[in-house]
Amino acid sequence: SADKDLSHFPFLHNLAEREDLVRNGKLTSIIFLRDKNSKGQEVSGYIDYAHRLKTENFEPYFERKKKLMPKPSDLSYYNWETQHSTSNSTPNFQVIADNEAGLLFKNKRDRKVINVDPKSLPGDNSRRIEIKTHEYLQVVIYDHVTRRKT
């Protein structure tokens, strides 16, 4: 993401700001995206930013040649038209679904739980940042600072 002017793209700008911290393990971020897919269907999902950074080249996203979208292989994915839904744990997060609190993600390093319900607090060492942007219908980033045991 270095040397790219993303000032007019608040979401990509926020991703670029976090990239180094996430790559070096000081921060984990869960990205909630809601938008229309190529078929015009509304989809949403929670993306483990660190996992995607490790498994995918992000240059096309930062160059705006490709749009970051939720995939069925992400932490959570939902297609509002087909009602297709998936959830998958990643190396960083365990998905805790179907409990009273709704969808929760447990950080595998410090075992802290991140609550993505907008009416609840996100949890210890976590914060919820809603990004106002024209790039997507809705963007929320959940940042979780991990405390490594020394």
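The values are calculated or read from the model by the stated rules, or taken from the named source; none is laboratory data. Since we're looking at a predicted model, the values are computed, not measured. As a convention, Cβ positions derive from the backbone with ideal geometry for all residues, glycine included, and neighbour counts pool all protein chains shown. Just so you know, the surface numbers come from the protein's heavy atoms only, side chains and all, with ligands and any DNA or RNA stripped out. Shrake-Rupley method; radii C 1.70, N 1.55, O 1.52, S 1.80 Å.
Things worth noting here:
- A full extension of the chain between residue 64 and residue 17 corresponds to an added length of 15.3 nm, given 0.36 nm per residue minus the alpha carbon distance.
- Counted by Cβ distance under 15 Å from residue 79, the other residues give a net charge of 0, where Lys and Arg count +1 and Asp and Glu count -1.
- Between residue 129 and residue 7, the simple spin-label model (points 7 angstrom out along Cα→Cβ) gives 1.8 nm.
- Remark: for residue pairs 39/65; 54/119; 71/106; 36/65; 26/66, the C-alpha separation exceeds 25 Å in 54/119; 26/66.
- Note that segment 47-61 has calculated 3J(HN,Hα) couplings of 10, 7, 4, 4, 5, 5, 4, 6, 9, 9, 7, 8, 3, x, 5 Hz, one per residue in order, obtained from phi through the Karplus relation 6.51 cos²θ - 1.76 cosθ + 1.60 (θ = phi - 60°); glycine and proline are x.
- Here's the list of aspartates and glutamates a cross-link from residue 4 could span, going by alpha-carbon distance under 17 Å and ignoring same-chain residues fewer than 8 apart: 17, 19, 20, 59, 63, 135.
- Karplus (6.51, -1.76, 1.60) ³J(HN,Hα), θ = phi - 60°, over segment 123-138, in Hz, Gly and Pro reported as x: x, 4, 6, 10, 9, 10, 10, 8, 9, 7, 7, 8, 6, 9, 5, 8
- For segment 1-113, the carbon plus sulfur part of the accessible surface works out to 47%, probe radius 1.4 Å.
- Label assignment, semi-axes √(5λ) of the Cα gyration tensor in Å derived from the structure, set [x] 41, 16, 15; [y] 37, 24, 15; [z] 22, 20, 14: [z]
- Over the chain, relative contact order from alpha-carbon pairs under 8 Å, at least 6 apart, %: 24
- Top positive-direction residue, dipole computed over the chain with Cβ charges, set 102, 32, 21: 21
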